[in-house]
Amino acid sequence: MIKNKYFEGIIGQDRVKQSLSFYLDGHKETGILKPLFLSAARGQGKTTIARTIGKNLLGSDNKPKKFIELNGASVKNLRRFIESIIQPYISGGLESTLFIDEIH
């Protein structure tokens with residue numbers, strides 16, 4: 001069992017947690033985290049891991065970034081999604097983490 005500072009309390013998925021810890025360590029040093037895509041069967045912990053990643057992303061003020069969680073199945077209008085989420089939060093210079101769950 002791998003013990004690490006980011007995924008404490010999450011059981012299993014040791015290989016995944018180790019890989020993602022590498023990216024989170026890099027984010028701490030550079031402030032940059034490349035986009036991540038998690039894919040696995042239902043019940044494997046993707047949402048829990050994604051939320052944990054989001055809680056560990058710090059802004060320039062060393063506080064957690066605003067975490068925006070969106071159910072991808074609820075996006076009915078791409079233009080409205082871009083205007084209401086992407087432009088104000090991501091493109092507007094606000095330090096935010098966007099998590100889109102259930103994209104099919």
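The values are calculated or read from the model by the stated rules, or taken from the named source; none is laboratory data. In this text, all values refer to a predicted model and were calculated from it rather than measured experimentally. In this analysis, Cβ positions are derived from the backbone assuming ideal geometry, glycine residues included, and neighbour counts consider all displayed protein chains. Please note that ligands, DNA and RNA were not included when accessible areas were found on the heavy atoms of the full protein model with its side chains. Shrake-Rupley method; radii C 1.70, N 1.55, O 1.52, S 1.80 Å.
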*If exposed GluC sites (Glu not before Pro) are those in a DSSP loop with at most 14 other Cβ within 10 Å, what is the longest stretch of the chain that has none?*
9-101
_Relative contact order of the range 1-65, pairs being alpha-carbon contacts under 8 Å that are 6 or more residues apart, as %_ = 29
*asked:* If I fit a long axis through the Cα atoms of helix 46-55 and take the longest principal axis of the Cα atoms of the chain, what angle between them do I get, 0 to 90°, rounded to 10?
replied: 80
*asked:* Over the Cα atoms, compute the radius of gyration (one decimal) and Dmax (the largest Cα-Cα distance, rounded to a whole number) for the range 55-104, in Å.
replied: 11.9, 35
_Most positive-pole-ward Cα, THR48, SER60, HIS27, against dipole of the chain from beta carbon charges_ = THR48
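Within the chain, what whole-number % of the accessible surface is contributed by carbon and sulfur, with the 1.4 Å probe and all protein chains included in the calculation?
Here it works out to 52 percent.
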*Could you please report the charge total around LEU24, scoring K, R as +1 and D, E as -1 over all other residues with beta-carbon less than 14 angstrom from its beta-carbon?*
+4
_At 222 nm, what value in deg cm²/dmol follows for the chain if DSSP H runs of at least 4 each add -39500 (n - 2.57) and the sum is divided by all its residues, to the nearest 500?_
-9000 deg cm²/dmol
*Say the cut-off is 24 Å between C-alpha atoms; which of LYS55/LYS76; LYS5/LYS34; LYS5/LYS28 go over it?*
LYS55/LYS76
*For the chain, find the longest principal axis of its Cα atoms and tell me its angle to the long axis of helix 14-30, 0 to 90°, nearest 10.*
60
*Taking the convex hull of the Cα atoms, report for the chain its projected area averaged over all directions, in nm².*
7.2
*Could you give the accessible area per residue of the chain, probe 1.4 Å, as a whole number in Å²?*
74
*What dipole magnitude, in Debye to the nearest 20, does the chain give about its Cα centre under +1 on Lys/Arg Cβ and -1 on Asp/Glu Cβ?*
140
